[in-house]
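Report on the following structure.
The values are calculated or read from the model by the stated rules, or taken from the named source; none is laboratory data. No experiment lies behind these values; they were computed from the predicted model shown. With ideal geometry, Cβ positions are generated from the backbone for all residues, glycine too; neighbour counts draw on all protein chains shown. To get the accessible areas, we keep the full protein, side chains included, count just its heavy atoms, and leave off ligands, DNA and RNA. Shrake-Rupley method; radii C 1.70, N 1.55, O 1.52, S 1.80 Å.
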Amino acid sequence: MKNLLVALGERSYPIYIGSGILRQSELFKKHIKSKQVVVVSNTTIAPLYMNSVLKNLDEYLVEQVILPDGEQYKTLDYVTQIFDKLLACKFSRNATLIALGGGVVGDMGGFAAACYQRGIAFLQIPTTLLAQVDSSVGGKTGVNHPLGKNMIGAFYQPQCVIADADVLDTLDDRQLSAGLAEVIKYGLIRDVDFFDWLEQNIELLLARDKSALAYAIEKSCKNKAEIVAEDETETGIRATLNLGHTFGHAIETGVGYGEYLHGEAVAIGTCLAADLSRRHGWLTDAEVARIINLFKKSALPITPPPQLDTDRFLDLMAVDKKNIDGKIRLILLKKIGLATLPIDVDQNLLELTLNTYGRK
Ligand code: NAD
Ligand code: GLY
């Protein structure tokens, strides 16, 4: 088992990465300091992994909240179901919440933990590749609003992250590819060697080679942990993790939550960001081609949905946490392995990208 640290002073915590570690009771016992425990999951993941988790919890008073499965349920209404259970069971402030699932369950469970009685402890047990390499690490929690993705939330760090690579065996291929979009992101924003490695090993990853997957998860978590340790609340470098996300969030909101997987929308968004970076004179044609080719090989979409025209894109992109005074700010790439901080992009170039990239 690998053990990485997210170094945040007294809020530091480990990320455990390994095979079969969901069955290691001592990991749970080490991080649960209460009698009362609530496990939050969804209707797909609970039948697969709830029992494995419960076996570690026989000495606790355990309740479960099983949410419906889907991005469209990542809302305040459904987070309220978690509060309802905690209150009905008279759970106190020292209770512990375990989020067992992908990024949706992790973001909702973490947000409920941040809010219930102004904050209870929580553990992240990510079950998708995307959640293992990104969403479970770093303490961003929250829900969507019909007018904007992840617009309601809190920074709230877990006690630990337990990433068991074996649970990826039941993940379907489309979801695996969606996770790869965030893996590729780390190579693009700060780790050119990792990007090169991904180009060489993408077939192994798609074939679910265990050691390639373990390497990609560890490398991704290491990159994310370093960024979060430097900038927990996104006043600077952490914003680079949003490469492609402003376009991606616009796609998710514009087409309807759940239509495109988050990773798919990010893949398209990153191709748009690469095109715009080229127009700013930074990426070369050859670098843009390498980026698009890697997403393509990862079985990810690379062109924007035809129903979102430029005006609609710009309207949706105006709702973004990086924007200042209503002005769209984006992360772009100076080269593969080096991202910019959020910049005020040239509006004409942005419109050129939206009008032409991937359009017939
Ligand atoms: P998801 O949580 O919807 O999971 C994808 C699908 O896979 C779901 O149907 C789920 O039930 C199923 N599933 C999960 N684990 C499984 C398993 N082991 N076997 C079989 N099926 C399984 O989607 P996701 O891609 O994990 O997460 C996307 C969400 O994460 C988005 O809401 C996004 O905004 C958020 N996100 C948050 C952060 C952050 O820093 N907090 C970062 C990136 C993404
Ligand atoms: N996924 C973006 C971040 O954690 O900052």
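Just to be sure before I move on: is residue 251 among the β-branched types (Val, Ile, Thr) and part of a loop (DSSP other than H, G, I, E, B) in the structure I sent?
no
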**Message:** Taking the criterion of being in a loop (DSSP other than H, G, I, E, B), open to solvent by 30 Å² or more (accessible area, probe 1.4 Å) and in contact with a strand residue (DSSP E or B) (Cβ under 7 Å, 6 or more places away or on another chain), would at least one residue in the stretch 320-338 satisfy it?
**Reply:** no
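Examine the stretch 43-66 for a residue that is within 16 Å of ligand 2 (Cβ to nearest atom) and open to solvent by 10 Å² or more (accessible area, probe 1.4 Å), and state whether such a residue exists.
First, pick out the residues of the stretch 43-66 that are within 16 Å of ligand 2 (Cβ to nearest atom): none.
No.
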**Message:** Please pick out the residue among 99, 114, 121 that is small (Gly, Ala, Ser) and buried (at least 24 other Cβ atoms within 10 Å of the Cβ).
**Reply:** 99
**Asked** Can you tell me which residues in the stretch 227-261 are more than 10 Å from ligand 2 (Cβ to nearest atom) and buried (at least 24 other Cβ atoms within 10 Å of the Cβ)?
**Response** 244, 246, 247, 248, 249, 250, 251, 252
**Message:** Kindly evaluate residue 183 against the criterion of being hydrophobic (A, V, I, L, M, F, W, C) and within 10 Å of ligand 1 (Cβ to nearest atom).
**Reply:** no
**Prompt:** Could you give every pair whose Cβ atoms fall below 6 Å, whose first residue belongs to the stretch 349-360 and is on the phi > 0 side of the Ramachandran plot, and whose second residue is in a loop (DSSP other than H, G, I, E, B) and of a type in the set (D, E, K, R), counting only separations of at least 6 or pairs across chains?
**Reply:** none
**Fill in**
Note on the stretch 263-302: residues open to solvent by 40 Å² or more (accessible area, probe 1.4 Å) and part of a helix (DSSP H, G or I) are 278, 279, 285, 286, 289, 290, 293, 296, 297
**Item:** the stretch 50-105: number of residues that are basic (Lys, Arg) and within 14 Å of ligand 1 (Cβ to nearest atom)
**Value:** 1
**Complete:** Given the conditions (1) under 28 Å from residue 57 (Cα atoms); (2) more than 14 Å from ligand 2 (Cβ to nearest atom); (3) β-branched (Val, Ile, Thr), every one holds for residue 137 apart from (2)
**Request:** Report whether or not residue 148 is surrounded by fewer than 19 Cβ atoms within 10 Å (Cβ to Cβ), of a type in the set (Gly, Ala, Ser) and farther than 25 Å from residue 3 by Cβ.
**Result:** yes
**Message:** Would you confirm whether or not the stretch 21-31 contains a residue that is over 15 Å from residue 99 (Cα atoms) and modelled with pLDDT under 95?
**Reply:** no
**Message:** Can you find a residue that is surrounded by 16 or more Cβ atoms within 10 Å (Cβ to Cβ), outside any strand (DSSP E or B) and within 12 Å of ligand 1 (Cβ to nearest atom) anywhere in the stretch 190-212?
**Reply:** no
**Message:** For the stretch 214-226, check the following and say yes or no: at least one residue is in a helix (DSSP H, G or I), in contact with a Ser or Thr (Cβ under 6 Å, 6 or more places away or on another chain) and of a type outside the set (S, T, N, Q).
**Reply:** no
**Request:** Please specify each residue of the stretch 144-167 satisfying the condition of being within 15 Å of ligand 2 (Cβ to nearest atom), out of contact with any Pro (no Cβ under 7 Å at 6 or more places or on another chain) and not in a loop (DSSP other than H, G, I, E, B).
**Result:** 144, 149, 150, 151, 153, 154, 155
